[in-house]
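See structure below.
The values are calculated or read from the model by the stated rules, or taken from the named source; none is laboratory data. All values reported here derive from a predicted model rather than from experimental measurement. Methodologically, a virtual Cβ is constructed for each residue, glycine included, from the backbone with ideal geometry; neighbour enumeration extends over all protein chains shown.
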Amino acid sequence: MSESSSIAALVNALAAEVAALSPGERLPSSRELVRRHGVSPVTVTRAIARLAAEGVVLTRPGSGTFAAPRRARTDEAPDTSWQSVALGDRSVEAGSVAGLHGPPPEDAIPLAGGYPHSSLWPGKALGAALARAARRPDAWHRAPTAGLAPLRAIFARTAGASPDEVLITGGGQGALAMAFRAIGAPGSPVLVESPTYPGALAAARAAGLRPVPVPMDADGLRPDLLAEAFAMTGARLLYCQPTFHNPTGAVLPADRREQVVAVARASGAFVLEDDFARHLGHGGPMPRPLAADDRDGTVVYLTSLTKPASPSLRIGALVARGPVFERLRAMRLVDDFFIARPLQEAAIELLSNPAWERHLRALSTALRDRCATLATALDREIPEWTVDRVPRGGLHLWVRLPGPVTPPAGVAVGHGRDYFPAEPSGEYLRLSFAAAADPGELVEGVRRLRR
C-alpha cells in the first residue's frame, strides 16, 4: 500500500473513532496509534495534521490530540433570498462556457470540449519544465506585474511586437475578461463575428457589454458589413478570430485582414484579435497575425498556451501599444498583482526546450489525421449533414444540419445555438476531433450520432 493510501485509510479510521468521542475527549497517544493501526509515526503525524486541518480534532503540543467541538446542525435551510436584492438585476451567464469545460457524461464519447485529449499533451516535457523551474533560486520571488522578461520576449516574437508591449495573463479566458473590462464601457456595444466563441460572449456580457453580430461568409468576417455595423452602433471594439475561427475554422484572407484593421481604425475602434489557434495548425504556413502589421495600436492581440500544452498551463499574453497597454497593465495590478512566477518560469522552460517544437509537430500531425477521420466518418455515415469547410487548423468541425436534432445520450456535442450572439442562422453542431481518446472513438461517436 502506498504512503498516500495509508494516510487516507488512517484518516478514515481516526475520523470514525473521533465520531464516537465526546468533544474535548483525548485520542490515544501517537505511539498507541502506531501500534494499533500498524503504521509508521510519520503516517500518524500526517493523518492527524489532515484531521486538524479539517476541524475534526484539536492538537495541543505537550497535551495530546482531542476531539474538536462539533458544529451545530440544523435541518432548516439557510435563507439567502436577501441576496437577490443586494445583487441587483445584473447576472453572469456561464452556462454555455461550463458546457465547454465540464467532463462529458459517463460513458459518453466527447465530441465537445475546448481542449485536446490528455494523450496529446506534452506530459513529460511539462513535468521536466516544472521541475527545472522549481529549482531556480528565485522561483518563488515576486514576478513583475507585466510578466517575466524572457516570457514576454517569446510572445513578442509571435506578434511582431516589442517585449515592452506584452502583458502576461492567466490563460486566454482571463485575458478576454480583462480586455473587455479595460476597453469597453459598461452598456456599450462590442462587435463580434456571428457565430463566435461562447466564452467571449459570456465574458463580454459579464463586463456589461452588448455583443452585436457581424455576419460571416465562406472567407470569414465581411468588411463591408463591419463598416456598416460600426457606423450604426458607434461601437469602439471588435472581437474577432481571424485564424482558424472558432467554430467555423475559417481563415481571413490577407486582403480582408487589411480591410478589417482599416475599417476599425477609420471608426476610431480597437480590434481584439483572439489568436487561440496559433499553435494548432495542421501543417503548412500560418497566416500572420493582424497585430504583426499594425503600428498604430488598433489591434490588441491575445494568445495562450493552454490548448497546445495543457488546460492547467494557465499562461497567455495580451499585446498592445499606447495608453491601452497601460490600462491593461493597471487592470492586471488591480486584479491580482501578477501571474504566479513558478508557472511563468515553467512556461519559459517549456518553450525554450527543443521538445516543445517536437511536440508541436506531433500535435499538428495528430490533429490533421483526427480531423480527416471525423470528416470522412460524417460523410460516410450521415451524408445529409454538411461540413462546408474541413479546416487546416483548430480543434473542431462546424456541421450544418438539415433540421433540429437531439443527439443521443452516448455522445457529447457542442450545440450550435450557443455560438450565436443573436438568432441562429440555422441548425449547427460543433464537433471536436481533439477531445476523444483516439480516432476509433471518433468513428464510434459518429455511428452513435447516426442512430
Exercise. Quick check: anything in the range 298-307 part of a helix (DSSP H, G or I) and more than 11 Å from the chain's Cα centre (by Cα)?
Worked result: no
Problem set entry | Any pair with Cβ under 8 angstrom, 6 or more apart, that starts in the range 127-150 at a residue that is part of a loop (DSSP other than H, G, I, E, B) and ends at one that is among the small types (Gly, Ala, Ser) | Ala139/Ala133; Ala143/Ala340; Gly147/Ala317
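Go over the candidates Ala377, Ala372, Ala434 one by one and state the one that is in contact (Cβ under 8 Å) with a residue 24 or more places away in the chain and under 19 Å from Pro116 (Cα atoms). Spell out the reasoning first.
On the way: Ala377 fails: under 19 Å from Pro116 (Cα atoms); Ala372 fails: in contact (Cβ under 8 Å) with a residue 24 or more places away in the chain.
The conditions single out Ala434.
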For this session: Quick one: Val85 ticks every box in (1) among the β-branched types (Val, Ile, Thr); (2) farther than 30 Å from Ala434 by Cα; (3) at pLDDT 85 or above except a single one, so which number is it?
Result: (3)
Seminar exercise, completed: Restricting the range 289-345 to residues that are surrounded by 23 or more Cβ atoms within 10 Å (Cβ to Cβ) and of a type in the set (Gly, Ala, Ser), the one nearest to Asp255 (Cα to Cα) turns out to be Ala291
Exercise. Arg447: outside any loop (DSSP other than H, G, I, E, B) and either modelled with pLDDT under 95 or not polar (S, T, N, Q) (or both), yes or no?
Worked result: yes
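Just checking, which of Pro41, Pro28 is surrounded by 14 or more Cβ atoms within 10 Å (Cβ to Cβ) and free of Cβ contacts under 8 Å to residues at least 12 places away in the same chain? Break it down into steps so the answer makes sense when it comes.
Numbers: Pro41 fails: surrounded by 14 or more Cβ atoms within 10 Å (Cβ to Cβ).
Result of the check over Pro41, Pro28: Pro28.
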Exercise. Counting just the residues of the range 353-369 that are under 29 Å from Pro144 (Cα atoms) and without any contact (Cβ under 8 Å) to a residue 60 or more places away in the chain, which one comes out surrounded by the most Cβ atoms within 10 Å (Cβ to Cβ)?
Worked result: Glu357
For this session: Please find, among Arg265, Arg257, the residue that is assigned to a helix (DSSP H, G or I), in the same structural domain as Asp296 (by TED's automatic domain parsing) and either touching a residue at least 60 places away in the same chain (Cβ under 8 Å) or farther than 18 Å from Val190 by Cβ (or both).
Result: Arg257
For this session: Go through the range 119-164 and give me each residue that's under 30 Å from Thr298 (Cα atoms), surrounded by fewer than 19 Cβ atoms within 10 Å (Cβ to Cβ) and not hydrophobic (A, V, I, L, M, F, W, C).
Result: Pro144, Thr145, Pro150, Arg157, Gly160, Ser162, Pro163, Asp164
